[in-house]
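Below: the structure, in structure tokens.
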Amino acid sequence: MPAIFRMLALGALLASPLALAATYADPVSKARFMLPPGWKVRASVANRIRVLKVIPPKADQRERAAIEVQIGVRKPGRGDTLPRLAAMFRQEDGDREAANFVRVNQKAGRLVTEYRDGRFVSNRLWIVRHNLHVIQLVDKNRLLEARCTANASEFKTYRRQMESICLSVALAKK
């Protein structure tokens with residue numbers, strides 16, 4: 001009997017949408033991450049930095065949940081050390097609340113944080129956004145940043161898909 005349960009559990013795992021995710025590798029920035037089925041990647045340039053925008057498959061996810069996933073590689077600033085960045089996220093700043101989760105992995109050179117911020121949208125409506133932010137100091141010249149954001153009311157619905165993207169982000173070795 002236990003073998004049947006193991007087979008059913010394996011079948012359920014393989015049938016889940018995240019099990020069908022593929023690895024995306026950007027040929028220019030060398031960033032790679034898990035891409036859930038149906039999601040697309042569009043590259044753009046903002047402030048002379050190549051930014052990968054990961055777009056969900058359905059219009060209602062883009063509109064109602066206002067999902068934004070951006071991945072980019074930039075040169076670190078002078079104060080961009082993991083302890084300093086972690087301390088910054090632990091404090092509120094303007095419309096950003098203090099992070100409810102901050103984890104620094106010095107060995108991997110990686111900071112993972114979750115926080116909420118707010119902004120006014122059309123008709124003076126205040127929207128609270130939930131952010132999953134991953135920062136990795138690759139070397140002295142490269143900082144990899146992935147930010148997965150959605151309206152706070154919808155974040156839980158899309159959390160697993162956004163985590164699969166942002167938490168899997170890595171940079172290929174030079």
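The values are calculated or read from the model by the stated rules, or taken from the named source; none is laboratory data. Because the structure is a prediction, the values reported are computed rather than measured. Note that each Cβ is placed from the backbone with ideal geometry, even for glycine, and that neighbours are counted across all protein chains shown. Quick note on the areas: whole protein, heavy atoms, side chains included, nothing else; ligands and nucleic acids left out. Shrake-Rupley method; radii C 1.70, N 1.55, O 1.52, S 1.80 Å.
Taken over region 140-173, the criterion of being without any contact (Cβ under 8 Å) to a residue 24 or more places away in the chain and not in a helix (DSSP H, G or I) is satisfied by Lys173 alone. Count of region 133-174 residues, restricted to those that are among the aliphatic types (A, V, I, L, M), open to solvent by less than 30 Å² (accessible area, probe 1.4 Å) and within 21 Å of Arg50 (Cβ to Cβ), is 10. Picking from residues in region 115-132 that are among the charged types (D, E, K, R) and either part of a strand (DSSP E or B) or modelled with pLDDT of 85 or more (or both), the one that is surrounded by the fewest Cβ atoms within 10 Å (Cβ to Cβ) is Arg119. Gln106: polar (S, T, N, Q) and in contact with a helix residue (DSSP H, G or I) (Cβ under 9 Å, 6 or more places away or on another chain), yes or no? Taking the combined requirement at face value, the residue satisfies it.
Take the residues in region 80-114 that are among the aliphatic types (A, V, I, L, M) and assigned to a loop (DSSP other than H, G, I, E, B), then tell me which one is nearest to the chain's Cα centre (by Cα). Please lay out each step first, then the result.
Taking region 80-114 first, the residues among the aliphatic types (A, V, I, L, M) are 82, 85-88, 98-99, 102, 104, 108, 111-112.
Of the ones still in play, those that are also assigned to a loop (DSSP other than H, G, I, E, B) are 98-99, 108.
Numbers: Ala98: 18, Ala99: 15, Ala108: 17 Å.
Only one residue tops the list, namely Ala99.
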